[in-house]
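Report on the structure given below.
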Amino acid sequence: MADPRTRESAWELLAQYTKSDSLRKHALAVEMLMRAYAKKFGEDPEIWGTVGLLHDFDYEMYPTMPDHPTKGAEILRQNGYPEDIIYAISSHVTELNLTRHNLLCKAIYACDELAGFLVASALVRPGKSILGMEAKSVRKKLKDKAFARAVNRDDIYRGAEELGVDLDEHIAFCIHAMEENAAVLGLGGQ
């Protein structure tokens, strides 16, 4: 069994269970946001990155609640992941009613839906790029219920509130974190 504390091990597990390119890119985007917040808050970017990378690794196999993420939690335990990582991953799903009792849990909840919304927002821009995207344009799109309707806006609003950050600052911070690796996400422009 590979050491679950390495990014390579987390990527291997993600790749084993997630075949969709878009879901893999979502995992990478959330990983980027989690690593950026870990640095901001003085936390361990490896642990936070692992939570971001693996938060939806089981979604293709188990897309309905509560199988996602409870079946994934079982797989993580079998692969030697520590309980704090498993709990944080599980806490991002509101339906489980788990208390988001620390910054790690609050950050994964705050970053998950927003990452998807930022990608959707970037893909409708000229050049399909996140580069130079502004928080105010994202806020405007959040009000348009027809745009990216699968994204839960309440989770975005509540996530920023639980994390204790202003929504505009949260959006701008996340855009910046994704800009740094835009090419990896396919959002570097055409």
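No value in this document is a laboratory result; all are computed from the given coordinates. Every value quoted in this text rests on a predicted model; they were computed, and no experiment measured them. Cβ sites come from the backbone with ideal geometry, for glycine too, and all protein chains shown count toward neighbours.
Numbers for the structure displayed
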| read-out | value |
| --- | --- |
| Estimated distance in nm for a label pair at Glu60 and Glu8, the labels positioned 7 Å out from Cα along Cα-to-Cβ | 2.2 nm |
| Lys143/Glu180 FRET efficiency (R0 25 Å; Cβ-Cβ; nearest 0.05) | 0.35 |
| Calculated [θ] (222 nm, deg cm²/dmol) that DSSP helices of n ≥ 4 give over the chain, each run adding -39,500 (n - 2.57) | -19500 deg cm²/dmol |
| Within the range 15-59: backbone nitrogen closer than 12 Å to the Leu98 label point (7 Å, Cα to C-beta) | 51-52, 55-56 |
| Least to most buried among His170, His101 (fewest other Cβ within 10 Å first) | His101, His170 |
| Euclidean distance between Cα centres, the range 142-190 to the range 33-88, Å | 19 Å |
